[in-house]
1. Considering only residues of the range 64-104 that are closer than 23 Å to Val154 by Cβ and of a type in the set (Ser, Thr, Tyr), which is modelled with the highest pLDDT?
2. Give me the pairs, please: first residue somewhere in the range 84-100 and in contact (Cβ under 8 Å) with a residue 12 or more places away in the chain and more than 15 Å from Ala132 (Cβ to Cβ), second residue anywhere and of a type in the set (S, T, N, Q) and crowded, with 17+ Cβ neighbours inside 10 Å, beta-carbon distance under 7 Å, and either six or more positions apart or on two chains.
3. Among what's in the range 325-344 and is aliphatic (A, V, I, L, M) and touching an Asp or Glu at 6+ places or on another chain (Cβ under 8 Å), pick the residue that is surrounded by the most Cβ atoms within 10 Å (Cβ to Cβ).
4. Considering only helices (runs of 4 or more DSSP H) fully contained in the range 127-203, which possess at least 2 residues that are in contact with a strand residue (DSSP E or B) (Cβ under 9 Å, 6 or more places away or on another chain)?
5. Any idea which of (1) at pLDDT 90 or above; (2) under 24 Å from Pro277 (Cβ atoms) is the one Ala192 doesn't satisfy?
6. On the basis of being small (Gly, Ala, Ser) and over 29 Å from Thr264 (Cα atoms), does Ala150 make the cut?
7. Being of a type in the set (Ser, Thr, Tyr), more than 19 Å from Thr247 (Cα to Cα) and surrounded by fewer than 19 Cβ atoms within 10 Å (Cβ to Cβ), is that true of even one residue in the range 270-280?
Amino acid sequence: MLSRVCTSCVRSARQLVRPAAIPAARPAPRAFSAAAPLFKKAHKQVQEEFDDEFAEDEFDDIEEDLPSSSPSPSGSSGAQSREARYAQAVTDVQAALRRASRHDGRSRTPSPKVLDHLVRTSTPSQLPEVLALVAKWRAANLPAVPDHVAALLVTRLVEADDGQAAVEVLLNRDLYGVDVPEDLKALYPVFAKVSHPQAAAAAAEETPAEGDAAVEAPTAQAQGQGAYRFLSSKPADLAFALQGLATHYAPASAPSDALVGLSTLAAALRTGERSSPRVDALVQRVVKLGEDELVRQAREMPRRWRDIVRMRARVVAEVMRDEGHAEVEWFAHLAESLHAVAKK
């Protein structure tokens, strides 16, 4: 009897449980349709055409692989929030400067973190105020600007399309207290900016100073007059000054760096400095490094910098071809090799 009751209960329970609905058949993915190879082939062709167009247009120096340090809020509320954070950072820096001016020995040494907040929350239009506060921070003998803040400040200036200001900040250490970042790659954006064709076009509209004399920056004058402007906006002068700084702070790597050498050389040749002692010396240094070494460096770079090296080498080869330079064949072959590496 017990067995029959249990069996009956089970049967009743089974009848109460509704069978699960069978899911409808999903459509076959497009990747397995007959037209999929055509889509793939068309996409590949479009990508190749884009790459070829990019290779021929020097004004398309890519920026997408360089993460922007600028805040990107959405809508007016985001802009107001960013403005509020920047205003608070300015207040914190000014408070630190006031405490430092008391000299009572009781105030705690302010943390340079406030500088990080100041730079990180600023907009391009606020960078002049940021530089003024950094100069006051330096004059008050407060803790040195950290290396990561220095790199961030340089990056923000480059993003604001002011490569000249980025070079000036690094040149005037006595004014701003900003050291050249230990990592040479932190200077790559500055080299790319001062050697960009738009920088050369802007310099062509001005009357640049001549030669090496333009890069002699009187430090005493910089200390006495506050914000110091570089004596020349000529990309060649900026590039050679930046190369000198890089060589001073990174003597083991800067002289043999492919991007540093080719960007500096391209900046000089683009702005008409075709033959000078510093250009001739740089040409010989690049040639001495050898094509194999330059290609090896480019192959190990992220694509953004690999493309910059490729484009700068092409500019050097084209200008040398127009001028009938003795090393034109060497640089033309280098440009071809770098182009092949960039396509991989």
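The values are calculated or read from the model by the stated rules, or taken from the named source; none is laboratory data. None of the values given here were measured: they were computed from a predicted structure. So basically every Cβ, Gly included, is an ideal-geometry build from the backbone, and we count neighbours across all protein chains shown.
1. Among those that are closer than 23 Å to Val154 by Cβ and of a type in the set (Ser, Thr, Tyr), it is Tyr86.
2. Listed by first residue and then by second, the contacts come to Arg85/Thr121.
3. Of the range 325-344, the ones aliphatic (A, V, I, L, M) are 326, 328, 332, 334-335, 338, 340-342.
Keeping just the survivors that are touching an Asp or Glu at 6+ places or on another chain (Cβ under 8 Å) gives 334, 342.
On the way: Leu334: 26, Ala342: 20.
Among those that are aliphatic (A, V, I, L, M) and touching an Asp or Glu at 6+ places or on another chain (Cβ under 8 Å), it is Leu334.
4. On the way: elements: 127-139, 147-159, 163-171, 173-176, 188-194.
Fully inside the range 127-203 and qualifying: nothing.
5. Against the list (1) at pLDDT 90 or above; (2) under 24 Å from Pro277 (Cβ atoms), Ala192 comes up short only on (2).
6. Criteria not met by Ala150.
7. yes
Here's the yes/no breakdown for (1) modelled with pLDDT of 90 or more; (2) aliphatic (A, V, I, L, M); (3) outside any helix (DSSP H, G or I); (4) crowded, with 22+ Cβ neighbours inside 10 Å:
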{"site": "Ala227", "(1), (2), (3), (4)": "no, yes, yes, no"}
{"site": "Ser233", "(1), (2), (3), (4)": "no, no, yes, no"}
{"site": "Asp237", "(1), (2), (3), (4)": "yes, no, no, yes"}
{"site": "Phe240", "(1), (2), (3), (4)": "yes, no, no, yes"}
{"site": "Gly244", "(1), (2), (3), (4)": "yes, no, no, no"}
{"site": "Pro251", "(1), (2), (3), (4)": "yes, no, yes, no"}
